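Quick notes on the structure that follows.
Please treat every number below as a calculation from the coordinates, not as lab data. None of the values given here were measured: they were computed from a predicted structure. Cβ atoms come from the backbone with ideal geometry, glycine included; neighbour counts cover every protein chain shown.
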Amino acid sequence: MLKDKFVILGVTGSIAIYKAVELVRLLKKAGAQVQVIMTKSACEFVKPLTFQVISQNPVITDMFEEPDSFDVEHVALADKADVFLVAPATANIIAKIAAGLADDMLTTTILATRAKKIIVPAMNVNMYENIITQRNIETLTSTGAVVIEPATGDLACGYKGKGRFPEPADIVEQIEVILGKSGDLRGKKFLITAGPTREPIDPVRFITNHSSGKMGYALAEKAVHRGGEVILISGPTNIKPPLGLSKYIPVETADEMFNAVMEYYPKVDVVIKSAAVADFSPKYFSEEKIKKQNFDMVLELKRNPDILQELGNSKTHQILVGFAAETTDTLKNAQDKLKRKNLDLIVLNDLTAQGAGFGTDTNIVKILYKDGRIEELPKMLKKDLADEILNRIYAFLEQNRKF
């Protein structure tokens with residue numbers, strides 16, 4: 001959602017300003033154009049040249065600099081902005097914006113813009129919790145500005161509490177979520193499954209697989225960024241859930257995932273089953289740890305519920321997307337699964353292809369449609385593939401809307 005967006009970043013005189021340099025880098029990496037405006041006090045902490053190099057734009061520090069064109073600069077910038085971000089925002093700048101004061105380039109430009117305003121406070125905990133600061137924040141939010149809460153922890157002043165500048169990556173993700181509310185998938189309800197399941201043998205052992213959850217989490221994150229209302233049901237992973245989810249439901253076993261999926265299935269428009277659910281689980285569970293013996297042990301397995309089959313059998317209005325991870329007869333097996341489970345499309349992973357499958361940041365897939373079409377995609381990052389899959393789901397949604 002940040003690609004080709006014009007972001008004005010207002011930087012103020014806080015010790016957290018050094019983190020704003022990384023914030024600019026991440027905004028640029030996400031595809032945004034960034035124009036930095038610094039207050040005079042901000043320039044006491046970091047030289048404008050630093051932001052100029054990272055943003056690849058001249059930094060504005062003085063309202064009365066010689067303009068490059070005849071345009072009134074603060075008005076021209078205000079009109080150009082898609083997002084006006086103030087980070088870090090001191091108590092002083094929050095008070096000035098809330099009061100409508102306009103005595104420097106930052107405050108005049110933010111007062112003149114109709115762009116989405118996002119404020120990231122960073123200050124001493126007592127200043128942040130002061131009733132006057134909180135009243136000013138309430139004033140800003142009442143006018144439609146979004147205030148991202150500061151983090152809690154050790155502060156530069158020696159205090160401990162709320163007031164830390166959030167991690168720049170988290171700020172970028174929150175901006176993506178905020179902008180995504182007007183995206184092409186807005187209002188559509190998604191149920192996405194991710195990760196492996198664990199089927200317990202005894203209190204310390206279980207059966208599982210190599211799924212990392214990266215593909216499912218990428219799909220959930222991108223769907224949120226495009227305005228979707230996303231329920232993510234996940235087996236055990238080491239991945240932080242994306243910001244902006246409607247609901248996050250952690251599960252362990254195939255039975256737990258089955259129950260969670262079936263509970264929410266009637267309420268959603270799209271289901272993407274990217275989880276690697278175990279087909280079998282131990283027939284018997286030992287309440288105590290099984291001790292090593294001097295002979296081989298036979299482990300009896302039972303079939304787990306086929307979640308995707310059940311979804312296909314009970315499908316009404318939903319768009320149903322499955323994944324197939326195959327090593328032999330890949331196309332034939334995926335086509336069979338697509339038909340047998342009543343899917344709208346299936347994403348085929350050939351696990352023997354280098355750069356595809358479990359645990360990697362990239363994937364190589366074929367997309368098979370119920371009308372017989374087969375689309376082969378090149379190797380790409382899983383986050384980029386997530387957008388490609390969502391593009392095809394969007395086309396299904398648009399087609400269904402016409403009828």
Practice problem: Note the angle between two axes, namely the Cα long axis of helix 330-340 and the longest principal axis of the Cα atoms of the chain, as a number of degrees from 0 to 90, rounded to the nearest 10. | Solution: 90 degrees
Quiz prompt | Exposure proxy ranking, count of Cβ atoms within 10 Å, fewest first, for 225, 317, 210 | solution = 317, 210, 225
Quiz prompt | Which of 59, 26, 312, positive extreme of dipole for the chain (C-beta unit charges) | solution = 312
Quiz item: Got a sec? How would 59, 21 order by Cβ neighbour count within 10 Å, fewest to most?
Solution: 21, 59
Exercise. Distance check, please: which entries in 117/160; 302/382; 117/188; 214/366 exceed 22 angstrom between their Cα atoms?
Key: 117/160; 302/382; 117/188
Self-check item: the stretch 162-208-the stretch 288-314 distance, computed between alpha-carbon centres (Å)
Solution: 28 Å
Self-check item: Dipole magnitude of the stretch 189-401, debye to nearest 20 (Cβ charges: Lys/Arg +1, Asp/Glu -1, about Cα centre)
Solution: 180 debye
Self-check item: Pairs of Lys in the stretch 1-56 closer than 15 Å at Cα, counting only those 8 or more apart or on different chains
Solution: 6
Practice problem: Using a 10 Å cut-off on Cβ atoms, rank the peptides 159-169, 390-400 from the highest mean neighbour count down. | Solution: 159-169, 390-400
Quiz item: What is the magnitude of the charge dipole of the chain about its Cα centre, with +1 placed on the Cβ of each Lys and Arg, -1 on the Cβ of each Asp and Glu, and no other charges, expressed in debye to the nearest 20?
Solution: 800 debye
Quiz prompt | Loop trypsin sites (Lys or Arg not before Pro), the stretch 288-340 (other Cβ atoms within 10 Å of the site Cβ: 12 or fewer; DSSP) | solution = 289, 291, 292
Quiz prompt | Filtered chymotrypsin sites (Phe, Trp or Tyr not before Pro), the stretch 254-352: DSSP coil and at most 14 other beta carbons within 10 Å | solution = 284, 285, 295
Quiz item: Just 100, 213, 13 to compare: in a GNM of the chain, with alpha carbon springs under 10 Å, which one fluctuates most?
Solution: 100
Quiz item: Taking the mean number of other Cβ atoms within 10 Å as a proxy for protection, how do you rank 186-196, 22-32 from highest to lowest?
Solution: 186-196, 22-32
